[in-house]
1. Kindly list, by first and then second residue, each pair from a residue in the range 103-121 that is touching a residue at least 40 places away in the same chain (Cβ under 8 Å) and in a helix (DSSP H, G or I) to a residue that is of a type in the set (A, V, I, L, M, F, W, C) and surrounded by fewer than 17 Cβ atoms within 10 Å (Cβ to Cβ), limited to pairs with Cβ atoms under 7 Å and residues at least 6 apart or on different chains.
2. Tell me which residues, restricted to the range 8-25, are aliphatic (A, V, I, L, M), under 16 Å from residue 80 (Cβ atoms) and either surrounded by fewer than 21 Cβ atoms within 10 Å (Cβ to Cβ) or over 18 Å from the mean Cα position of the chain (by Cα) (or both).
3. Just to be sure I understand, how many residues within the range 42-58 are more than 12 Å from residue 6 (Cα to Cα) and of a type in the set (Gly, Ala, Ser)?
4. Say whether the condition of being in contact (Cβ under 8 Å) with a residue 24 or more places away in the chain and either more than 20 Å from residue 12 (Cα to Cα) or aromatic (Phe, Trp, Tyr) (or both) is met by at least one residue in the range 81-98.
5. Look through the range 68-94, keep the residues that are surrounded by fewer than 20 Cβ atoms within 10 Å (Cβ to Cβ) and farther than 20 Å from residue 41 by Cα, and return whichever of them is modelled with the lowest pLDDT.
6. Applying the selection to the range 74-102, what residues are assigned to a helix (DSSP H, G or I) and more than 14 Å from the chain's Cα centre (by Cα)?
7. May I ask you to list the residues in the range 26-39 that are in contact (Cβ under 8 Å) with a residue 40 or more places away in the chain and open to solvent by 30 Å² or more (accessible area, probe 1.4 Å)?
8. Quick one: which residue in 37, 56 is closer than 16 Å to residue 13 by Cα and aromatic (Phe, Trp, Tyr)?
Amino acid sequence: AMMPMVMAIGGMVGSQASTLIIRALATNSGGPFRAAFSKEMLVSVAMAAALGIVAFGNAWILGGSPHTSLVMGIAMAADVVFAAGLGVAVPNLVRALRIDPALISTPAVTALTDLTGATIFLLVITMLL
């Protein structure tokens, strides 16, 4: 039940970041890509730390070993940061391709964060267990 939780949070974080960027693009209030990306990364790192601690604690309370709990916390934190990055990058990439970001960005980000969430989780397991 750990991998779906990581993937779900990643999808939510990516969708939210994507929505904020699409709004900024539509209202011309986002500033340059680098500024939006930096701001979103700062927020995501703080959120990743909090969610990583919660995921670690949840895994520990539910009977996970310290090692398994650590994997869960690290995977959650890494996925949150990566998902936020995708949420910023995809709408900007889609716009550069002259496609309306509101049409495709959120489904694309959700699909990508699901794939990368599973990959990140499995990579962390492989590296730490």
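1. Going by the 7 Å Cβ cut-off, the qualifying pairs are 118/3; 121/3.
2. Result: 8, 12, 20.
3. 5
4. Here is the first cut: in the range 81-98, the residues in contact (Cβ under 8 Å) with a residue 24 or more places away in the chain are 81-92, 95.
Pick out the ones that are also either more than 20 Å from residue 12 (Cα to Cα) or aromatic (Phe, Trp, Tyr) (or both) and you get 82, 95.
Yes.
5. 68
6. Start the filter on the range 74-102 by keeping residues that are assigned to a helix (DSSP H, G or I), which leaves 74-96, 101-102.
Matches in the range 74-102: 91, 92, 93, 94, 95, 96, 101, 102.
7. Going through the range 26-39, the residues in contact (Cβ under 8 Å) with a residue 40 or more places away in the chain turn out to be 26, 33, 36-37.
Across the range 26-39, the qualifying residues are 26, 33, 37.
8. Working: 56 fails: closer than 16 Å to residue 13 by Cα.
Sole residue among the options that is closer than 16 Å to residue 13 by Cα and aromatic (Phe, Trp, Tyr): 37.
The values are calculated or read from the model by the stated rules, or taken from the named source; none is laboratory data. The structure presented is a predicted model; accordingly, all values stated were derived computationally and were not measured. Because the Cβ atoms are built from the backbone with ideal geometry, glycine has one as well, and the counts that use them run over all protein chains shown. Side chains included, ligands, DNA and RNA excluded: accessible areas come from the protein's heavy atoms. Shrake-Rupley method; radii C 1.70, N 1.55, O 1.52, S 1.80 Å.
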